[in-house]
There are 2 protein chains.
Amino acid sequence: MRQRIITGAVGIPVILLCLFTVRPLMLLLVVALTAGALFELARMYAPKRPLAFLWLPACGAVGFFVTYLLQVPDWQGIVLAFYLTVLLALGVFAYPHLPIGDLGFLLLMLIYGAWTLMHALVLYDAPHGSWLLLMAFLTVWFSDSGAYFVGRAFGRHKLAAQLSPNKTVEGAVGGIVLAVLALLIANVFIKALPGPAATVLFAVAIAVVGILGDLFESLLKRTFGVKDSGNILPGHGGILDRFDSLMLVLPVVSYLLPFLATL
Amino acid sequence: MRQRIITGAVGIPVILLCLFTVRPLMLLLVVALTAGALFELARMYAPKRPLAFLWLPACGAVGFFVTYLLQVPDWQGIVLAFYLTVLLALGVFAYPHLPIGDLGFLLLMLIYGAWTLMHALVLYDAPHGSWLLLMAFLTVWFSDSGAYFVGRAFGRHKLAAQLSPNKTVEGAVGGIVLAVLALLIANVFIKALPGPAATVLFAVAIAVVGILGDLFESLLKRTFGVKDSGNILPGHGGILDRFDSLMLVLPVVSYLLPFLATL
């Protein structure tokens, strides 16, 4: 617990610095998180030869960064077309040593481990981007904490008993409600979101998708038989352990944004 | 062989009709091909319960069509964000009955079976789109036929011995050369591509990626132990059997196009 607090005390100012000073710092943060997430996924999937499953998604991630920063139109499609071609070539010429399941996981690694995190940059570059990211971050945090305390007090029905025995439906609902309240209050001061309807939708979407992201990381850990995805953040585990909820939230919020602006 | 010729005699005019008359016909063709490709993939992957692996990619494909036709900006990203969220939710709530390999294959199905074919529509809507598609089609066909005859005459070195024992390196090179020559001649009459450099690059890219697409379909068939992916096209097999090369070619050509225009 002491480690956890120290890491948080260092980590939160670092994140605020990246969010609210200059863009290169934010870029550095996203690159670091992506590298960490991909490395942890590769090490979970193939503990004995993680590098074999790291280089292709890493190249794909670099492709996303380079094309995005160069403002290439259709940057996502270009990288995906190139990635798919190399992926299938790899499957063909490594046959039968790279079965279809490995190819599928390499695709999932790109989308789940790199494409999701790229949307931190997409959101950052949107109007009021830094504030939106901070609000997404706060919402995940409030929903998480709310779920913990409400679940402890009133939890009766398991949410996903086999994956995460401590999570309850009551906790999840409590977390969502707390996230909505917190964000409504925050929005009075921050004014990044247009109106109360948009704020409520924003909070609910983030809380629900965040819980899902958290549960999916539990699925990964159970599937590959590890307790934590890594240990780079003392007391918090790895990048995936700490940012699992946010990762799935980032693209959803990015694409919800133009719609929210109409509310 | 007789069946094959009859199917071709019906199929080629149908494709030309879809390419060169009205857009709804083209749309219908792409929808039919996507539906066929996804169904064949699902049936290969899970012969006993193909529908379980069909509904999610089918919903994703409908998402692509609807958002593309409504001209939603970022249509690909929106569908991918939504698909990823539902995919992970499915993995979480079906745990442990839908292992990570299944989730990976469901993602691969969307990208390989629907996203690639969607680019037939993207190309169609580009300037000179119908002609570009026809040229892509012809290039694949010339490269294929060239590889067959050159390979029979001079083939010594196997290209991918374990996947497709009849394909040789000599055949592949012959196919690429023939595709370049055919396209250079066609371009004199059609004028859809800007210059000879662009035409050569177009032809080489299509031929190489086409061979790869063909080999990947062999990988799928060997992995799942089937001879043909389907039998909807008498003498040709299934949609995947006939359009395997073109599928991988479509996104590559789409994204190469703005670059080709600068040559």
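The values are calculated or read from the model by the stated rules, or taken from the named source; none is laboratory data. This is a predicted model, so every value here is computed, not measured. With ideal geometry, Cβ positions are generated from the backbone for all residues, glycine too; neighbour counts draw on all protein chains shown.
Name the one entry in A:A186, A:A160, A:A126, A:A192 that is in a helix (DSSP H, G or I) and of a type outside the set (D, E, K, R).
From the options A:A186, A:A160, A:A126, A:A192, the qualifying one is A:A186.
If A:Y148 meets every condition in (1) within 12 Å of another protein chain (Cβ to nearest Cβ); (2) surrounded by fewer than 24 Cβ atoms within 10 Å (Cβ to Cβ); (3) not in a loop (DSSP other than H, G, I, E, B) apart from one, which number is that one?
(1)
Filter the range A:248-263 down to residues that are at the interface with chain B (Cβ under 10 Å from one of its Cβ atoms) and of a type in the set (A, V, I, L, M), then give me how many there are. Break it down into steps so the answer makes sense when it comes.
First pass over the range A:248-263, keeping only residues at the interface with chain B (Cβ under 10 Å from one of its Cβ atoms): A:248-256, A:258-259.
Keeping just the survivors that are of a type in the set (A, V, I, L, M) gives A:248-250, A:252-253, A:256.
The number of residues fulfilling the criteria is 6.
I'm trying to understand the selection: among the residues of the range A:92-110, which are closer than 25 Å to B:A81 by Cβ and either more than 7 Å from every other protein chain (Cβ to nearest Cβ) or more than 27 Å from the chain's Cα centre (by Cα) (or both)?
Those that are closer than 25 Å to B:A81 by Cβ and either more than 7 Å from every other protein chain (Cβ to nearest Cβ) or more than 27 Å from the chain's Cα centre (by Cα) (or both): A:D102, A:L106, A:M109, A:L110.
All but one of (1) crowded, with 24+ Cβ neighbours inside 10 Å; (2) touching a residue at least 60 places away in the same chain (Cβ under 8 Å); (3) of a type outside the set (D, E, K, R) hold for A:L123; which doesn't?
Result: A:L123 passes all but (1).
Given the criterion farther than 27 Å from B:V14 by Cα and part of a helix (DSSP H, G or I), identify the matching residue among B:L51, B:L41.
Going through B:L51, B:L41 in turn, the sole match is B:L51.
If you take the residues of the range A:230-263 that are more than 20 Å from B:L84 (Cα to Cα) and among the polar types (S, T, N, Q), which of them is farthest from the chain's Cα centre (by Cα)?
Only one residue tops the list, namely A:T262.
Here is a yes/no grid of residues against (1) over 21 Å from the mean Cα position of the chain (by Cα); (2) under 21 Å from A:V92 (Cα atoms); (3) among the small types (G, A, S); (4) crowded, with 17+ Cβ neighbours inside 10 Å:
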residue: B:M135; (1), (2), (3), (4): no, no, no, yes
residue: B:L138; (1), (2), (3), (4): no, no, no, yes
residue: B:D144; (1), (2), (3), (4): no, yes, no, yes
residue: B:R156; (1), (2), (3), (4): yes, yes, no, no
residue: B:A161; (1), (2), (3), (4): yes, yes, yes, no
residue: B:P165; (1), (2), (3), (4): yes, yes, no, no
residue: B:V169; (1), (2), (3), (4): yes, yes, no, no
residue: B:A172; (1), (2), (3), (4): no, yes, yes, yes
residue: B:I176; (1), (2), (3), (4): no, yes, no, yes
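Looking at the structure I just gave you, is A:D74 closer than 30 Å to B:L215 by Cβ, of a type in the set (D, E) and surrounded by fewer than 22 Cβ atoms within 10 Å (Cβ to Cβ)?
Numbers: closer than 30 Å to B:L215 by Cβ: yes; of a type in the set (D, E): yes; surrounded by fewer than 22 Cβ atoms within 10 Å (Cβ to Cβ): yes.
It is true that A:D74 is closer than 30 Å to B:L215 by Cβ, of a type in the set (D, E) and surrounded by fewer than 22 Cβ atoms within 10 Å (Cβ to Cβ).
Suppose we keep only residues that are crowded, with 20+ Cβ neighbours inside 10 Å and assigned to a helix (DSSP H, G or I) within the range A:222-240. Which one would you say is farthest from the other protein chains (Cβ to nearest Cβ)?
Among them, the one singled out is A:I239.
When you check A:I211 against the structure, is it more than 30 Å from A:P47 (Cβ to Cβ), crowded, with 24+ Cβ neighbours inside 10 Å and under 15 Å from the mean Cα position of the chain (by Cα), yes or no?
Working: more than 30 Å from A:P47 (Cβ to Cβ): no; crowded, with 24+ Cβ neighbours inside 10 Å: yes; under 15 Å from the mean Cα position of the chain (by Cα): yes.
So A:I211 fails the test.
Could you check the range B:163-198 and list, in sequence order, the residues that are in contact (Cβ under 8 Å) with a residue 24 or more places away in the chain and within 14 Å of another protein chain (Cβ to nearest Cβ)?
B:L163, B:S164, B:K167, B:A172
Being farther than 23 Å from A:L98 by Cα and small (G, A, S) is the filter here; which residues of the range B:216-253 pass it?
B:G230, B:G235, B:G237, B:G238
Out of A:T21, A:T7, I need the residue that is under 28 Å from A:G235 (Cβ atoms) and touching a strand residue (DSSP E or B) at 6+ places or on another chain (Cβ under 8 Å). Which one?
Exactly one of A:T21, A:T7 is under 28 Å from A:G235 (Cβ atoms) and touching a strand residue (DSSP E or B) at 6+ places or on another chain (Cβ under 8 Å), namely A:T7.
Would you be able to tell me the number of residues in the range A:70-85 that are within 8 Å of chain B (Cβ to nearest Cβ) and not in a helix (DSSP H, G or I)?
Looking only at that region, the number is 2.
For A:G174, all conditions in the list (1) of a type outside the set (S, T, N, Q); (2) at pLDDT below 90; (3) closer than 27 Å to A:L263 by Cβ hold save one; what is the number of the exception?
Of everything listed in (1) of a type outside the set (S, T, N, Q); (2) at pLDDT below 90; (3) closer than 27 Å to A:L263 by Cβ, A:G174 misses just condition (2).
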